[in-house]
Structure formats: C-alpha cells, structure tokens
Amino acid sequence: MIAKHETIEQRRLELQTALDSAKSQADRNKLGQFATPTGLATDILRLARSLLPKGCPVRFLDPAIGTGAFYSALLQCFPESRIKWAKGYEIDPHYAQPARGLWEDTPLALILGDFTATSPPVREKDRATLVVCNPPYVRHHHLNAGEKQRLRSASIDAAGVDLNGLTGLYCHFVALSHAWMAKDALAIWLIPSEFMDVNYGRAIKEYLLNHVTLLRIHRFDPAELQFDDALVSSAVVVFRNAEPPDGHLVEFTYGASLTGPAQTRIVPRRDLRPDAKWTRLAHALENHADENGWLKLSHLFTVKRGIATGANDFFVLAESRAEELDLPRRFLRPILPSPRLLRTDGIEADAKGWPLIEHRLLLLDCRLPEDKVRQEYPRLWSYLQTGRVRGIHERYLCAHRQPWYSQEDREPAPILCTYMGRSVENKSAFRFILNRSKAIAANVYLMLYPKPVLASILRDRPDVLEVVWAALNEIPWDALLGVGRVYGGGLHKMEPKELAEAPADTLLAALPEAAAHRGKQLTLTW
Ligand SMILES: C[S@@+](CC[C@H](N)C(=O)[O-])C[C@H]1O[C@@H](n2cnc3c(N)ncnc32)[C@H](O)[C@@H]1O
C-alpha cells in the first residue's frame, strides 16, 4: 500500500513540475497556482487523522485541488475503506485534465469548474466531514468589481461573513466552504497568515471565533518559506464546524514544522478579539517559562523602575504647595508619595483619575520651550528660575533633557511594587500596590505594565486586575527575596530584571483557564 502510494505521489510530483513549467509565473500568479509540498500535505493529513473522531467516515473536499497534493496525502493517511467519497474542484483545465487521468482509478471526483460559483449541497450526507485546502492566493486587485460583489454576497449566504472589497480570494474560499461542511466537520486551511493582522481579516477572525470552533493556528517561520516560488508567510488554520464550548482554549503554534512546533501558546477563546493582531500570538516567544515550567512575572508584565525626576524636591510638590505657587494644572500630573507615606495598598481614584490618598503629590512636567513659558506662564517661569538658581538645570538628568524641566513620558501602571524594604518576622519586604488612579510613580517603586495578552484579558474583564493583585501578594516572601538582593541590616532591594524573574505560579492558580493547562505546556502563556 505504502509502495503503491509512493509511486503515485512520485507520478503526481512529476506531473506538477511539468504542468508548472509549461505556464508563465504571471499566469500562475493570476490563479494562485502554487502547489503544496508533499511533506507539508502529509503533515496536514496526519493532523486531520488525529483530530477526526475514531470511526468518523471521511467525506473529503478540496475546493482548489490542483493536481491533488492533499488527496494524495489522504490516500496515504486513511484506509480506503474509511473514505466514503472525495471531491475536488479545479478551475484550470491545464491542471484538472491531467489530474483526472492520474486519479482515474481512485474514488476522487475531480470537477472542472469554479468552486466559488457552485451551489453547496443541500443534504447533510452530501456535505464533507473533512475539508482540506490550499486556496488560490489571489489579491483583491486581480478581482473585478462584479466578481467582488458576487463573492461578497455568496460569502454572506454561505457563512454569514461579510468580506469587504479588499479581501483576498482565499478568505472567500474559507467562507464559501462553510456551506459544504457537515456538522462537526473538520477544516484545515493552508492560507497566508496576513488575515491575522490586516483589516480585511477581521471578518474571518470573527467567523473563526464565533461561528465555528477554532482549534489551532500554526504560523510558519517566515524565514522558512513553504513555497519555493511564492513569497508568502503561511499559516495552517484548523477548526471544527461546531459551536465553541464554554471555556474553549485555542492553540497557537509557531515554527518551521507543523508537527513539532518550536513554540506553543494556549489562549482562551474569550480573550481573542477579531480586531486584534493575531500574529503576535503565533510568534517566536521570549523565554516563557524556565526549564521547570515555572511561569515568571516577565511572561505577564513588563517591569520598569518608576521615573527618575532628577530632583524630587523641586519637581514633586504637595498639592497645596502647587496651589500656593499657582502653577498651571496642565503641567502637573499626580505622582505617588513614597511607600512609607502610602497608607493603603489599594489606591482608588476620583472622577478625574486622581488618587484618593493622603499626601497628594504632583509632578511638574512641562514640554514648552523657555521663551513660551516666559511669555505665557509667568508664575511657572518664576518657579523655574528658582530651580536655575539652585543649579537644578545643570544636574545630570536635567541637563540631558530638552527642556530641562520636562519629564519622561510614562503611563500610569495598574500594579506597582515597592523597590526596597526590610523584611520583618518573615513578612515580605516588598508590597504590591493596586493603582486604579492615573498617578505615576518615582523610582522608589517598580511599575508593572501588563503585556498584551494580559492587557486584553483586563480590557474584557477589568475585575481580573484585583485577582491578579491578590495573587501577586501571595507570592511567597522567600521567593521574592530569592530574586532580589540583600544589603546590610536586612535591607532588600529589587531591580526590574530581578522582579521579572520572580515566580508567578500564584497567578496561574488565580486564573483557572491557564491553570488547567499548566502541567501540559511548558511554554504556556495566555
Ligand atoms: C494554491 S493552489 C493549490 C493546489 C493544490 N490543492 C495543492 O495544494 O497543491 C490553488 C489551486 O486552485 C485553483 N483555483 C483557482 N481559482 C479557483 C476557483 N475559483 N475554483 C477552483 N479552483 C481554483 C488554481 O488553479 C490552483 O490549482
């Protein structure tokens, strides 16, 4: 059986080479004629075999079959007895006719015609249980206005997906095939990864999230092109024609090989948004867990020291002092007092986002040039002169800023950690602070900025922030001390890089969707 298959695949490859070389590159571009390499076709059909329920009869459809790379792999991976029927569409007789000859002794029905113009089956048993396709990658520029309109309404009819006029033909293939899929059918698409990031891909992402159950997206390393003759970064998209179950998790993988991806990332479906860019999810990851599978804070947060003003006693003023000096509000932003003076670990905010705390402090931060300040803001100007008299403008940090009284442009962080402290009776030297205000912080704090995946969870479910904060405070004190440094008298200090190394498994426990997969995936993030 294997030997028989190898012979026919060999013949198919020879045919493919002969047919490709008989056409010009420009003609092949027009119809998106780039064949799938044998190895990849086999990997894809093996994946199909592992995902189709045991005993499920195979009714196979390839809507853009060419010479039949996937059909050939189907015959290799599935026993003939399991294949109930197999159908392929091919628009170009140049490929369709010889391919028909090649497969004439097999169950394949190869139809010469335009798949996008065919009527989908009406009866469930005429629908496919397995759709595998490398559709033509034809950019919208090659489709005329009439074709675009026809494809648009056909895609709406087939899948309820409204694909705009900038959409590549391959997206219409995905949408149109929906009407060919039996309930619970599996689809595997080899398509350009472009849809994950561009505007027109939004509708397809919406479809993948809400109309079907998205199982996996594998993105190939763009340096390892899948097609020798087309400069396309490709992805394999796998989904089932079923409603996504509650708590469904999607697998994003990345690397040169579909079967042994270099990176895996599990993302809860509800955290995926159609308008977000998805390639970053199926991307080369930074080191996402240490070799023990521990999750580290750096997987969830970017940690930065608070800002260095260069002269806190000049740039940071009590609210009352700023009022006394009548400094313009537009050049003042709230900044937290030192942890010693911060009586709460949970900072609430007023309607303007200013922190509701004692010791309200303001940071002076103005970017206007001196002559403008002199003309328009005389009170600020006289205050700045007192700084000049003290030589503050010549201090290292100030002298390197333009103008010297401007500050680093920094967003407030929702979580802060104290930068140093003493451990008393086995209590942590460090405090995590929840900051619901717009206050930024000076360098007596470390500022924790959520990385994109956590940020998107927080956008959808802001209440998770509190859970994350509580979980941070549960990181064992000795684990934190382990990553920081100790100075004389039990004084501990922690640099941003050190905090980033801290174990974050308490956060996994706080977010069950991530915890469920922790044991399985060393490279887990969400
Ligand atoms: C990217 S190739 C893939 C061929 C083959 N399935 C493989 O994987 O090697 C796309 C194929 O779709 C065909 N095609 C283009 N437009 C089509 C259409 N509207 N209907 C059916 N086939 C089409 C092209 O001629 C080409 O053979």
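The values are calculated or read from the model by the stated rules, or taken from the named source; none is laboratory data. Note that the coordinates shown come from a computational prediction; the quantities given were computed from them, not determined experimentally. Note: ideal-geometry Cβ built from the backbone for every residue, glycine included; neighbour counts use all protein chains shown. All accessible areas refer to the heavy atoms of the entire protein, side chains included, with ligands and DNA or RNA removed. Shrake-Rupley method; radii C 1.70, N 1.55, O 1.52, S 1.80 Å.
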Which one is farthest from the ligand (Cβ to nearest atom) among residues in segment 47-103 that are closer than 21 Å to Arg123 by Cβ and of a type in the set (A, V, I, L, M, F, W, C)? Cys56
Yes/no for Glu394 being open to solvent by 90 Å² or more (accessible area, probe 1.4 Å) and of a type in the set (Asp, Glu): yes
Go through (1) more than 9 Å from the ligand (Cβ to nearest atom); (2) free of Cβ contacts under 8 Å to residues at least 40 places away in the same chain and name the single condition Thr118 misses. (1)
Single residue of Ala145, Ala159 found to be of a type in the set (Gly, Ala, Ser) and either within 13 Å of the ligand (Cβ to nearest atom) or over 29 Å from the mean Cα position of the chain (by Cα) (or both): Ala145
Looking for something open to solvent by less than 60 Å² (accessible area, probe 1.4 Å), part of a helix (DSSP H, G or I) and without any contact (Cβ under 8 Å) to a residue 24 or more places away in the chain - is there at least one such residue anywhere in segment 162-173? no
Subset of segment 74-86, residues buried (at least 21 other Cβ atoms within 10 Å of the Cβ) and either farther than 16 Å from Ile8 by Cβ or in contact (Cβ under 8 Å) with a residue 60 or more places away in the chain (or both), comes to Leu75
Flagged in segment 216-251 as modelled with pLDDT under 85, surrounded by fewer than 20 Cβ atoms within 10 Å (Cβ to Cβ) and not hydrophobic (A, V, I, L, M, F, W, C), in numbering order, are Asp221, Pro222, Glu224, Asp228, Asp229, Ser233, Gly247
Looking at the structure I just gave you, is Thr7 β-branched (Val, Ile, Thr) and within 15 Å of the ligand (Cβ to nearest atom)? no
Applying the selection to segment 470-496, what residues are at pLDDT 60 or above, open to solvent by 50 Å² or more (accessible area, probe 1.4 Å), more than 13 Å from Leu448 (Cβ to Cβ) and in a helix (DSSP H, G or I)? Trp477, Asp478
Checked segment 128-142 for anything among the β-branched types (Val, Ile, Thr) and more than 10 Å from the ligand (Cβ to nearest atom); matches are Thr129, Val131
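Table: residues versus (1) β-branched (Val, Ile, Thr); (2) part of a loop (DSSP other than H, G, I, E, B); (3) closer than 21 Å to Thr259 by Cβ; (4) touching a strand residue (DSSP E or B) at 6+ places or on another chain (Cβ under 9 Å).
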position	(1), (2), (3), (4)
Ala18	no, no, no, no
Arg28	no, no, no, no
Gln33	no, yes, no, no
Lys84	no, no, no, yes
Only residues that are surrounded by fewer than 23 Cβ atoms within 10 Å (Cβ to Cβ), of a type in the set (Gly, Ala, Ser) and assigned to a helix (DSSP H, G or I): list them for segment 97-140, please. Gly101, Ala117
